[in-house]
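Report on one structure; see the data block that follows.
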Amino acid sequence: MEARYNVYFSGRLLDGEELPTVRANMAKLFNADEATLNKLFSGKAQLVKRDCDKTTALKYKQAIERAGGSPLIKTVEATPTPSAAAAGDKPMTAAERIAALASAPDLGAQPQAAQSEVAPRAPDTKNDGNIALAPAGTEVLRAEERAAPVTSSVNTPDLDVDTSGERLSVTPPPPPAAPDTSHLSEAAVGELLPNLPSSAELLNPDTSGIALSPDGTDFSDCAAPEPSAPELDLSAIELAPAGADVIEPKYRKKNDISPPSTDHLTLED
């Protein structure tokens, strides 16, 4: 038999959400007026969807959470099957149904503010697939599933703790003393440095015979002369007779294919 669920909302907000924003979102979600919003945010659980399947309950849960609210979903007591009714099972009274609804496990995680009002209970393995949170401090792994702690024994007979402030490396040597610059002074601007030679004779080339050529002057006379033809001795070279083989036999391309026969061909006038 498929489980049925009721969806409630009591005005609790998700972490980081602000009340005005969530109220506006819930008003759009349920098309609710101000009086309905006051009931939804009164602090008491208000039924927003009754007796729905799991898929519908999860859709309402996701829609309310997108609006910034924290819904509460509880399972509805199962309706007796025809076989159970035929066996003589007595239907539940209204008071019994209310008590069963209040003690039913939640479909999703309860809001943090509501956890102080509902006592934690161990997971119900006999339920129809619902999962509840185990009480705080419950061991997650069984004893046979836990890894044994790794212990190590380090033998340190040759180690000792030095005194506080002791250097771990050799003390470096002191830096060398700064050079003595007391005999140095700054020269005036334009003064010749004493360590540079000042007796060298300055060059004064004669440029009286140099002048610029007029605009458009042809500088072809400045080009390098044409090189003369080389003198080659060709007396020992002569042309081979017509039909002579130019390539030596060892360098010729071998052609082992016989030419086609043309004996049956004739020319027409």
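Distance between the pseudo-spin-label points of L168 and E201 (7 Å out from Cα toward the beta carbon): 7.3 nm.
Here the simple spin-label model places points 7 Å from the Cα toward Cβ, and for K253 and L212 these points are separated by 6.4 nm. Length available on full extension from D15 to L192: 0.36 nm per residue minus the Cα-Cα distance, which gives 55.6 nm. Per 0.36 nm of contour for each residue apart, how much would the distance between T151 and T262 grow if the chain were fully extended, relative to their Cα-Cα spacing? Net length gain for the segment: 29.8 nm.
Under 20 Å of direct C-alpha separation, and excluding same-chain neighbours fewer than eight residues apart, K28 reaches these lysines: K39, K49, K59, K61.
Just report the Cα centroid separation between the range 1-47 and the range 232-269, whole Å. Between the Cα centre of the range 1-47 and that of the range 232-269, the gap is 107 Å.
Values quoted throughout were computed directly from the atomic coordinates according to the rules given, and no laboratory measurement underlies them. Note that the structure is a prediction, hence the values are computed from the model and not measured. All Cβ positions, even for glycine, are placed from backbone atoms using ideal geometry, and neighbour counts span all protein chains on display.
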